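Written out below as structure tokens is the structure these notes cover.
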Amino acid sequence: MNILKEARENQTAIIKITVGEADYAAEVDKKLREYKRKANIPGFRPGMVPMGIINKMYRKGVVAEVAYKMASDNCFSYIEKEGIDYMGDVMPSDEQGAFDFDNNTEHEFVFEIGLAPKVELELSDKDKVTRYKIKVDEQMRSDYRSNYLRTYGRLVDVDVVENDEAVMCTLDNGEIKTDDAYVGLISMSEEERKPYIGKKVGDQMVVNINELYKSEQQRASVLGVKENELEAIKPEFNLTITKIRKYADPEMNEEFFKLAFPEGNVTSEEQFEKFIDTKIESELKKESDYVFTNTLREYLVEKAALTLPEDFLKRWLLAINEGKFTMEEIEKDFAPFAEMMKWSAIQKHFAKSLNVEVKQEDLLEEAKNYAAAQFAQYGMMNVADEMLTNYAQQILSNKDEANKLIEKVYENKVVAAVTPLVKVSNKSVTIAELNKILAKKSK
């Protein structure tokens with residue numbers, strides 16, 4: 001077997017692999033004997049078909065299959081052995097000649113690769129990057145506090161509708177009457193709530209049932225009828241308010257602190273306020289870290305000024321997507337893909353030069369953070385570590401989810417390793433100020 005690499009323009013190279021009969025003969029004979037054993041041909045008992053017939057029927061195809069597999073496997077082995085850094089994947093080359101498996105015993109396979117750019121980045125304190133620290137404001141504090149307390153709150157009866165209360169009522173159109181209808185003002189727009197504002201228990205108003213409950217399933221459930229009966233029902237109903245209920249925060253007492261903080265780490269209102277600030281700062285740090293990663297990435301990509309084998313990568317994207325996209329569509333969306341590929345090359349460079357390594361414990365910790373965020377969306381703020389660990393291990397058992405976490409941890413560790421090599425200027429900003437900065441960058 002002969003292997004030859006030749007450089008081509010536009011950052012590509014071809015790898016020619018010549019596979020001779022001495023390379024594939026043993027494997028071809030083995031496969032043909034297997035064909036003979038399984039062949040079911042009229043006039044011959046199973047396993048007794050003459051080898052001449054088997055050769056005539058199958059040898060050409062088997063030689064093609066075996067020779068190609070050997071060439072492909074050896075191509076990847078050669079790339080690994082030579083330490084060739086490439087992008088995308090190995091593709092059949094347009095320089096591939098015709099095969100003659102009937103007459104030739106040597107067959108040349110030609111593959112093409114897109115060569116990764118060489119990254120040369122020397123960093124110092126002359127390289128300046130800004131890290132934005134988001135300020136905690138009163139609105140954030142109020143919103144986070146309210147959302148946190150809502151998990152442990154309760155509904156209480158009130159006398160008048162002020163904003164987004166829950167209204168229990170009687171609905172009556174003279175033909176159908178229901179005494180326990182529920183109207184959730186929280187799901188309405190401000191305009192839809194206006195007729196209810198200021199109303200008290202006992203007040204009446206005329207409503208259109210189709211506007212009040214937009215879903216047919218919901219209307220049928222409230223009125224106690226089947227969906228196919230709704231069309232015959234008069235939509236104007238008299239609504240009489242029987243109860244108004246409003247969400248109320250829990251009282252800051254011993255019962256609340258034991259329920260919300262079973263570990264006993266928060267036992268007073270003062271400690272609770274500090275806890276809220278800590279939580280907000282933690283969330284804002286994630287946002288700041290995300291923005292900083294993007295800022296550093298943009299800076300390094302611009303400074304490195306890498307060139308890519310663009311024509312090759314576009315052809316590769318077209319091939320792997322198997323008709324899902326046209327070349328015009330790939331061209332249109334290629335710029336962000338190219339930036340991603342450049343960043344990937346830069347990460348790989350620093351991971352090697354700075355000895356960045358993703359360990360299993362790093363992945364588990366990130367998976368636990370992800371799990372904690374998932375639980376928090378459902379109001380579960382203080383999940384036991386054992387439960388988080390079990391859920392994290394389930395996440396990591398999913399290959400796709402695990403790969404996403406690996407990429408995230410890998411990027412985080414590269415950024416952490418590179419950050420000390422540049423001069424970082426810290427700047428405190430409000431959310432509004434940061435949004436303006438980001439909007440300006442995106443233009």
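State yes or no: is ASN403 within 30 Å of LYS303 (Cα to Cα) and loosely packed, with under 15 Cβ neighbours inside 10 Å? Yes, satisfied.
Can you work out which of the residues in region 97-145 that are more than 22 Å from ASN435 (Cβ to Cβ) and among the small types (Gly, Ala, Ser) is surrounded by the fewest Cβ atoms within 10 Å (Cβ to Cβ)? Checking each candidate, the answer is ALA98.
Do we find that LEU308 is closer than 23 Å to GLU411 by Cβ, touching a strand residue (DSSP E or B) at 6+ places or on another chain (Cβ under 8 Å) and in contact (Cβ under 8 Å) with a residue 40 or more places away in the chain in this structure? So LEU308 fits the description; yes.
Identification of strands (runs of 3 or more DSSP E) wholly contained in region 1-95 with 2 or more residues that are open to solvent by 50 Å² or more (accessible area, probe 1.4 Å) and either over 28 Å from ASP311 (Cβ atoms) or among the hydrophobic types (A, V, I, L, M, F, W, C) (or both) yields 2-8.
Here is the figure for region 132-162: residues that are over 20 Å from GLY184 (Cα atoms) and part of a loop (DSSP other than H, G, I, E, B) total 3. Can you name every residue in region 252-268 that is within 35 Å of the chain's Cα centre (by Cα), more than 30 Å from VAL167 (Cα to Cα) and open to solvent by 20 Å² or more (accessible area, probe 1.4 Å)? Across region 252-268, the qualifying residues are PRO262, GLU263, ASN265. Take VAL383 and tell me if it is under 30 Å from VAL266 (Cα atoms) and without any contact (Cβ under 8 Å) to a residue 24 or more places away in the chain. Spelling it out, VAL383 is indeed under 30 Å from VAL266 (Cα atoms) and without any contact (Cβ under 8 Å) to a residue 24 or more places away in the chain. Looking across region 1-47 at every residue that is among the β-branched types (Val, Ile, Thr) and farther than 16 Å from ASP94 by Cα, the one that is modelled with the lowest pLDDT is identified as ILE41.
For first residues located in region 135-152 and in contact (Cβ under 8 Å) with a residue 24 or more places away in the chain and over 14 Å from PHE275 (Cα atoms), partners that are open to solvent by 60 Å² or more (accessible area, probe 1.4 Å) and not in a helix (DSSP H, G or I) and lie 6+ apart or on another chain with Cβ distances below 6 Å form the pairs LYS135/SER428.
Among the residues making up region 197-213, those that are among the charged types (D, E, K, R) and surrounded by 10 or more Cβ atoms within 10 Å (Cβ to Cβ) are LYS199, LYS200, ASP203.
Here's the yes/no breakdown for (1) of a type in the set (Asp, Glu); (2) open to solvent by 80 Å² or more (accessible area, probe 1.4 Å); (3) assigned to a loop (DSSP other than H, G, I, E, B); (4) at positive phi:
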site: ALA220; (1), (2), (3), (4): no, no, no, no
site: GLU231; (1), (2), (3), (4): yes, yes, no, no
site: LYS234; (1), (2), (3), (4): no, yes, yes, no
site: PRO250; (1), (2), (3), (4): no, no, yes, no
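Considering (1) outside any helix (DSSP H, G or I); (2) surrounded by 14 or more Cβ atoms within 10 Å (Cβ to Cβ), the lone condition that GLU175 does not fulfil carries the number (2).
Restricted to region 344-385, and to residues there that are part of a helix (DSSP H, G or I), hydrophobic (A, V, I, L, M, F, W, C) and at pLDDT below 90, the residue that is least open to solvent (accessible area, probe 1.4 Å) is ALA371. Residues that are more than 30 Å from ARG145 (Cα to Cα), touching a residue at least 24 places away in the same chain (Cβ under 8 Å) and not charged (D, E, K, R) within region 222-272 comprise VAL222, LEU223, GLY224, VAL225, ILE233, PRO235, PHE237, ASN238, LEU239, THR240, ILE241, THR242, listed in sequence order. Taking first residues from region 318-329 that are in contact (Cβ under 8 Å) with a residue 60 or more places away in the chain and partners that are open to solvent by 70 Å² or more (accessible area, probe 1.4 Å) and not in a loop (DSSP other than H, G, I, E, B), no Cβ contact under 6 Å between residues at least 6 apart in sequence or on separate chains turns up. For region 278-330, the set of residues classified as β-branched (Val, Ile, Thr) and either open to solvent by 90 Å² or more (accessible area, probe 1.4 Å) or assigned to a helix (DSSP H, G or I) (or both) consists of THR278, ILE280, VAL291, THR293, THR295, VAL301, ILE320, ILE330, listed by residue number. Checking each residue in region 179-194 for being out of contact with any Ser or Thr (no Cβ under 6 Å at 6 or more places or on another chain) and exposed (fewer than 14 other Cβ atoms within 10 Å of the Cβ) picks out ASP180, TYR182, GLY184, ILE186, SER187, SER189, GLU190, GLU191, GLU192, LYS194.
Of the residues making up region 34-74, those that are among the charged types (D, E, K, R) and either within 16 Å of PHE109 (Cβ to Cβ) or touching a residue at least 12 places away in the same chain (Cβ under 8 Å) (or both) number 6.
The values are calculated or read from the model by the stated rules, or taken from the named source; none is laboratory data. This one's a predicted model, so the numbers in the text were calculated from it and none came from an experiment. Backbone-built Cβ (ideal geometry, glycine too); neighbour counts: all protein chains shown. To get the accessible areas, we keep the full protein, side chains included, count just its heavy atoms, and leave off ligands, DNA and RNA. Shrake-Rupley method; radii C 1.70, N 1.55, O 1.52, S 1.80 Å.
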